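See below for the structure under consideration.
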Amino acid sequence: MTTSANAGHLPSRRLVLSRLLSRDMVSRRKAARAFLLALAASMSAIGLAATSAWLLDRAAQHPAVLTLTAAIGAVQLFALGRAGAGYAQRLETHDLAFGVLGRLRVMCLSALAPLAPAALASHTSGDLLERATDDVDTLQNLYLRAIPPFVVAGGTSLLSVALAGFLVPQSGAVLAGGLLCAGVIIPLLAQRLGRDPGHAMVQGRASLQAATVESIQGAPELVAYGQADRAIERLVELHLALAGQARRAAHRRGLIEGLSSTIVGATALGMLAMAVPAVRAGLLPGVDLAVLPVLGLAAMDAVSGLPGAFSHLHEDIEAGARLLGLESIPPPVTDPEQPAPAPAGVPRLMAQGVTLRYAQDGPNAIENLDIDLLPGEILAIVGPSGSGKTTVANALLRFWPITSGSISLDGTDLESMTGDDARSIVGALDQRTHLFSTSIGDNLRIAKPDASEDEMWAALSLAHADKWVASLPDSLRTQVGEGGASVSGGERQRLALARLLLAGRTVVILDEPTAGLDPSEAMEMLRDVLEALSGRSVLLITHRREEAALADRVIGLSHGRLTAVQVQDTTSPSFPGVPTRAPAAFDQVEDDLECGSRTRQSST
Ligand SMILES: Nc1ncnc2c1ncn2[C@@H]1O[C@H](COP(=O)(O)OP(=O)(O)OP(=O)(O)O)[C@@H](O)[C@H]1O
Ligand SMILES: [Mg+2]
């Protein structure tokens, strides 16, 4: 079992391209339709230019109008064909590209889901945001601006060289040479010149995005400690670096475009030069002379997008590599191939000799821990900050793999069950509960999507939040702001408790559930919550002596090891099984708490 979070290595460029163009991503039928339409549009443009040139030449000779009818018809046909095929091709290519983007977004989120929360700890949220949004958006260029020009240029070049060669073979050869330069040599040069700026720009954008998100999230702290200006300076530095990279990329692009234009002009002139002797020798009617350079210009137009396509290709492959790299991050906890069924009812939870290390070469966060939580029992875990209490919760929720030992529910090993099954039994109220930027009702429905309003009010009432929610103008439809920014710490905790109660888990971990509440209110709420959870097993993680006194048993943790176990000796008069008097042996635990805080003080 490994516990290290891996940042994920980037796949090779070839692998990225073959994956992004695979059948799973791109519908072959749609791609073929888009290619044929693009070819029809491109050839119509060439046909239009060539027949128009011929028509103008011929018209200058004042022939009978009837002799021009076929050419006029061809011009009209090509003009309509170019517009119609161009329009249909854009529709088809965009449809194809947006279909792929949808699949990429699903792939990205599917890759992220099994990594939460353990393996995501090694990534900044800005980096993940960049991959899930900007990198996916960048990739639309692959399907709209990078691949189509190559395909169209190939087909158009073959057809136009054949046509020019049919009229004057030497002109066909010049066109083939021009196309080779503009379509192969220049793009290769562009690829060489564009690789570094493309790479640097994607990396630069990712750094800027990560720093921006971090600065926005940490804005209150930066302002409070007078570091806002430094943070802004850092953002400006990153922005300037990115602008410099963009400028370098633009210079190189400009150089390539200038070279391309020169080659286009030289090819048209060369074709004309080759055609003049053919006219003189009577091999080509004079009226056809203008057709050749015009045909050349139009054919070169089809390959003129290739250098730009190459520079897009670099950025796109880079973005694709970062996106596909998400799939190479090993999930910290994997589900077994043939999972054992989750036990029904309220199971007995047993942890034996459990050790958990967050980093492979780091210290044990919990070590050789034994916990036996009987069905319906309330077990308190107390211990100084950093002693491993939340780590116990992480292990029981299968968020992190344990390094050794075993955890079982009614004898079924937790590792033989899927993470989802384990978490359908074990639920937790986190110390840093996240509220989604939506309404109170929607935040509650995360625990139970089909919850009725009555159920939600019952849960809110148990969490002592019903009066507060009822007093809000929009009641359950009140928006809580981004990350719950518009509710207080205590209100957030009560909403989170209500959500947990609604989920109906049979083994419940309350990780400092009353943080943010004043002591008298905290006790009242905790009693109500424990009463509501009566019959289910509860692991109550707390710092407060009077809260631990509500448990049947108290265990103490210090430096990840068990230090004290105490069975309570009285039971609550208000509801069975829940004692009200603090146990004498809590003093032992308190000694540990004090010892822990002394150790921390002396170490700082
Ligand atoms: N994601 C993580 N990666 C690496 N180390 C971690 C991680 N989470 C916790 N730790 C370390 O593991 C140890 C136990 O942390 P834990 O969060 O379990 O303590 P705790 O008892 O819950 O503390 P508190 O009372 O402050 O919540 C600490 O030394 C902590 O720094
Ligand atoms: Mg904790």
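Every number here is computed from the coordinates shown, using simple stated rules; none is lab data. What you see is a predicted model, and the numbers here were worked out from it, not measured in a lab. Counting neighbours? That spans all protein chains shown, and the Cβs are built from the backbone with ideal geometry, glycine included.
Scoring 280-289, 194-203 by mean Cβ neighbours within 10 Å over their residues and listing the highest first yields 194-203, 280-289. Among Leu242, Leu158, sorting on how many other beta-carbon atoms sit within 10 Å of each Cβ, with the fewest leading, yields Leu158, Leu242.
Here the dipole of the range 13-328 is about 780 debye; that uses its Cα centre as origin and unit charges on the Cβ of Lys and Arg (positive) and Asp and Glu (negative).
Of all DSSP bridge pairs formed entirely within the chain, close to 55 percent run antiparallel.
Summary of packing: across the peptides 305-316, 337-348, 128-139, the per-residue average of other C-beta atoms within 10 Å ranks them, highest first, as 305-316, 128-139, 337-348. Share of Cα-Cα pairs in the range 259-365 beyond 18 Å, in percent? Value for the range 259-365 (Cα pairs over 18 Å): 76 percent.
Using Cα atoms only, what is the angle between the long axis of helix 306-325 and the major principal axis of the chain, expressed in degrees (0 to 90) to the nearest 10? For helix 306-325, the angle is close to 20 degrees.
Ordering Val184, Val554 from the fewest to the most neighbouring beta carbons within 10 Å gives Val184, Val554. In the chain, the ratio of gyration radius to Kirkwood radius, Rg to Rh, stands at 1.18 when only Cα atoms are counted. With the convex hull of its Cα atoms as the shape, the range 310-358 has an orientation-averaged projected area of 6.9 nm². Selection among Val174, Pro149, Pro473 by position relative to the dipole of the chain gives Val174 as farthest towards the positive end (Cβ unit charges, Cα centre).
Each Lys and Arg contributes +1 and each Asp and Glu -1, all at the Cβ; summed about the Cα centre of the chain, the dipole is approximately 3180 debye.
Computed over the range 489-530, the range of Cα coordinates on each principal axis works out to 27, 18, 15 Å, biggest value leading.
Under a model in which nothing but the beta-carbon of Lys, Arg (+1) and Asp, Glu (-1) is charged, the range 223-329 shows a dipole of about 300 debye around its Cα centre. Put +1 on the Cβ of every Lys and Arg and -1 on every Asp and Glu Cβ in the chain; which of Met300, Leu240, Val529 then has its Cα farthest towards the positive end of the dipole? My answer, from the dipole projection, is Met300.
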